[in-house]
Amino acid sequence: MESRPWRPQDGPEPSVHSWPPGQRPALYVWDGSRWRYAVVQARQTYGNGRVVYQLLMPSSSVRSYEWPQPGLRVAHPPPGRDPAPAARINATDA
């Protein structure tokens, strides 16, 4: 399920982290009855611990998704980081 943008009534603006091209992590997104590969453009972290990832979808649209949720899986972490084994997705699922 997509996440709505931040609004002033949500409290302080979230901190935002982005990665340089070539070093961005990626997620699989359950969309249209299949897993789709999406590159992470940015991670927003809210003061209450909420995390939202902005993803570049294969259609070139940008969507935001709250993490964690069943419709998101780790495709690959940024270079030098290994995801928790439970977060990995089998290649046959993608």
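I need every pair where a residue in segment 34-48 that is free of Cβ contacts under 8 Å to residues at least 24 places away in the same chain and open to solvent by less than 30 Å² (accessible area, probe 1.4 Å) has its Cβ under 9 Å from the Cβ of a residue that is assigned to a strand (DSSP E or B) and among the small types (G, A, S), sequence separation at least 6 or different chains.
Note: pairs meeting the criteria are V40/A26.
Applying the selection to segment 1-33, what residues are open to solvent by 30 Å² or more (accessible area, probe 1.4 Å) and among the hydroxyl-bearing types (S, T, Y)?
Those that are open to solvent by 30 Å² or more (accessible area, probe 1.4 Å) and among the hydroxyl-bearing types (S, T, Y): S15, S18, Y28, S33.
In this structure, is Y53 in contact with a helix residue (DSSP H, G or I) (Cβ under 8 Å, 6 or more places away or on another chain), of a type outside the set (A, V, I, L, M) and at pLDDT 90 or above? Before you say what the answer is, go through the steps one by one.
Values: in contact with a helix residue (DSSP H, G or I) (Cβ under 8 Å, 6 or more places away or on another chain): no; of a type outside the set (A, V, I, L, M): yes; at pLDDT 90 or above: yes.
Considered against the rule, which asks whether it is in contact with a helix residue (DSSP H, G or I) (Cβ under 8 Å, 6 or more places away or on another chain), of a type outside the set (A, V, I, L, M) and at pLDDT 90 or above, Y53 comes out as no.
For E66, all conditions in the list (1) at pLDDT 95 or above; (2) open to solvent by less than 70 Å² (accessible area, probe 1.4 Å) hold save one; what is the number of the exception?
The failed condition is (2).
The values are calculated or read from the model by the stated rules, or taken from the named source; none is laboratory data. Note that the structure is a prediction, hence the values are computed from the model and not measured. Using ideal geometry, Cβ is built from the backbone for each residue, glycine included, and neighbour counts are taken over all protein chains shown. Only protein heavy atoms, including side chains, enter the accessible area calculation; ligands, DNA and RNA are left aside. Shrake-Rupley method; radii C 1.70, N 1.55, O 1.52, S 1.80 Å.
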